[in-house]
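Here is the structure we will look at, set down as structure tokens.
Nothing in this text is a laboratory measurement; each read-out follows from the coordinates by a stated rule. Since we're looking at a predicted model, the values are computed, not measured. With ideal geometry, Cβ positions are generated from the backbone for all residues, glycine too; neighbour counts draw on all protein chains shown.
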């Protein structure tokens, strides 16, 4: 177990360093001179030099990298080129909105996917199974940026139930969360079905049935608990799709979170903010996956024996 | 033990949609289309006889723009998936074959790229490199190779010690020859299925980038940018959003159905267990 813990943490550390390095390199993929792109061609040479110095772009690459990582360790993400404010402050204003949206989406996804996936597995081949799998197929094929406008069209413009966009009232949360939640539910219901089907074949399920336990008790207490482990891992991995989807969904609904900030910063060529958003989302994803892996190893003793 | 039932819809529908997509994309250039022609008296007009999907906010025919958008999405998908397939498979097979440090580094690099969720890295890359279709292709390929590399590596590891590979090694066959003639054919089936789903993913990814204004630039049409333009006029002209969205849905759904069918036909799962 300790061995596994150590090697998993070590890999995570290497990945974090790699992610930082790629994010650091992002500013260097800007074609030509990033300073020129930021200031425009008509800028004076002195202004360019000043900006180059502020960004530290005049230093050797290795020194820039060390400065960048050193800054990150001190939670110094640089200054926004557009608003001249520290990027950390801008990010921390936006984090609650994205957390709220992501949390609600996961909740909605579970509420939809859990009954649907269980029903599809228990009644395999029935009409329920077909309905659930059709939902799953459609949910994967409908992109967020179409689902969002569709929901706005139906529920905001035609029915007038929810606001079109923004985050002024509680009801504003519903449509973006449903957009993200249904996309996640589509994948999740499929995984729950597959995972449960595998477990339902096991001997202990047959034994539980043979002992005359209620079918519902067999499903919920015996089967689902064992099927839950791979599903939780998948949920952790799907958080990535959720966060990437949030970038688009927040843009559709003008939801003031990290995703919308990313796109705004790209449009304004505010490189430090773009870099920090990408870094924050990715590190959050790495961290969640590390936690799910460790939780899995803790709950399932078979994992640690392999390493 | 699959039932030998005849399921015409399940096979013919995706096949039909993908064929239409393919031929429309192939011949879009030689069709007499005027996707940029503006009919100022027809702005935001709903579907009618001569333009069966109506007109957009600049009075352009939505059907004709969908056709050209099909070419965009098709070309991007083919380019991105081909580049990713070749790069990823090469890296993956090499990592598994040589093993040792080379393998460890490859796995780490794959882990690092996977740490960027979804198309986030592609969004950032194409945003910073500047909008445009070529940059979108590059950005999506940078993200796309990882899936192929991981799969090719895992598959190669399982067959690396099979008799026919060992025999070829014993006969002194060169590494490149073994990789191309003895490993690739065996691991091809799962890779082709991965490629099928990657095409569906790339269609959505291209449309996402274009929706964000980072892909195809106006006036060239893309399904994603059509949805973006349409979203502003949703109350007066819902057809502007419905038509391109429905098209994406149909194409992606069909490719996924085709991928599922392929997976069942090639029976990849039982092969991987051997």
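With Rg and the Kirkwood Rh both taken from Cα atoms, where does Rg over Rh land for region A:77-228? Display every interim value, and only then the final one.
Numbers: Rg = 20.6 Å, Rh = 18.1 Å.
Across region A:77-228, the Cα-based Rg/Rh ratio is 1.14.
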* Structure fact -> Across A:143-155, the residue-averaged tally of Cβ atoms belonging to other chains within 10 Å stands at 6
* Structure fact -> Simple spin-label estimate for residue B:16/residue A:158, 7 Å along Cα→Cβ, in nm, reads 2.5
* Sum of -39500 (n - 2.57) over DSSP H runs of 4+, divided by residues of chain A (222 nm, nearest 500) -> -24500 deg cm²/dmol
* Taking the convex hull of the alpha carbon atoms in region A:154-307, what volume per residue do you get, in Å³? -> 155
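Any chance you could list the semi-axes, whole Å, largest first, of the equivalent ellipsoid that the Cα gyration tensor gives for region B:51-119, using √(5λ)? Please report the intermediate quantities before stating the final value.
On the way: eigenvalues 377, 37, 6 Å².
Computed over region B:51-119, the values are 43, 14, 6 Å.
If you take the square roots of the eigenvalues of the alpha-carbon gyration tensor of the protein assembly as shown and sort them as a ≥ b ≥ c, do you get rounded (a/c under 1.5), prolate (a/b over b/c) or oblate?
On the way: a/c = 1.34, a/b = 1.12, b/c = 1.20.
Rounded shape, in that the Cα axes give a/c under 1.5.
Calculate the mean, over all residues of peptide B:122-134, of how many other protein chain Cβ atoms lie within 10 angstrom of the residue's Cβ.
Values: counts 1, 10, 16, 4, 1, 11, 14, 4, 5, 2, 0, 0, 0.
Counting other chains' Cβ atoms within 10 Å and averaging over B:122-134 gives 5.
Over 12 Å, how big is the tail of the calculated P(r) for region A:39-82, in percent of all Cα pairs?
Numbers: 633 of 946 pairs.
Tail fraction, whole percent: 67.
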* To do: Calculate the length of the line joining the C-alpha centroid of region B:61-113 to that of region A:80-123, in whole Å.
  => 28
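Report the calculated FRET efficiency for residue B:161 and residue A:291 (r = Cβ-Cβ distance, R0 = 41 Å), to the nearest 0.05. List each step's numbers first, then the result.
Numbers: r = 35 Å, r/R0 = 0.86.
It comes to 0.70.
Give the Kirkwood hydrodynamic radius (Å, one decimal) of chain B, defined as one over the mean of 1/r across all pairs of different Cα atoms.
Values: mean 1/r = 0.0483 Å⁻¹.
After inverting the pairwise mean of 1/r, the radius is 20.7 Å.
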* Using 7 Å Cα-to-Cβ label points, what is the residue A:36/residue A:75 separation (nm, one decimal)? -> 3.9
* Structure fact -> Which of A:180, A:188, A:213 fluctuates most in a GNM of chain A (C-alpha springs under 10 Å)? That residue is A:213
* To do: May I ask for the angle, rounded to the nearest 10°, between helix B:100-114 and the longest principal axis of chain B, with both axes built from Cα atoms and the value confined to 0 to 90°?
  => 20
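So how do A:284, B:181 line up by other beta-carbon neighbours within 10 Å, fewest first?
Numbers: A:284 19, B:181 12.
Sorted ascending by nearby Cβ count, the order is B:181, A:284.
Need the full-extension length gain, residue A:138 to residue A:11, defined as separation in residues times 0.36 nm minus the C-alpha distance. One decimal, nm. It would help to have the intermediate numbers written out before the result.
Numbers: separation 127, 0.36 × 127 = 45.72 nm, distance 3.63 nm.
Gain in length upon complete extension: 42.1 nm.
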* To do: Give the shape of chain A as rounded, prolate or oblate, defined through the alpha-carbon gyration tensor: a ≥ b ≥ c are the square roots of its eigenvalues, a/c under 1.5 means rounded, and otherwise the shape is prolate if a/b is larger than b/c and oblate if not.
  => oblate
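Quickly estimate the mean residue ellipticity at 222 nm for chain B, helices only: each DSSP H run with n ≥ 4 gives -39500 (n - 2.57), and the total goes over all residues, rounded to 500. Could the numbers behind the result be given before it?
Numbers: 11 runs with 192 residues, N = 274.
Estimated from H runs of four or more residues: -23500 deg cm²/dmol.
Got the relative contact order for chain B handy, in percent, Cα pairs under 8 Å and 6 or more residues apart? Please report the intermediate quantities before stating the final value.
Details: 367 pairs, mean separation 66.3, N = 274.
Rounded, it is 24 percent for chain B.
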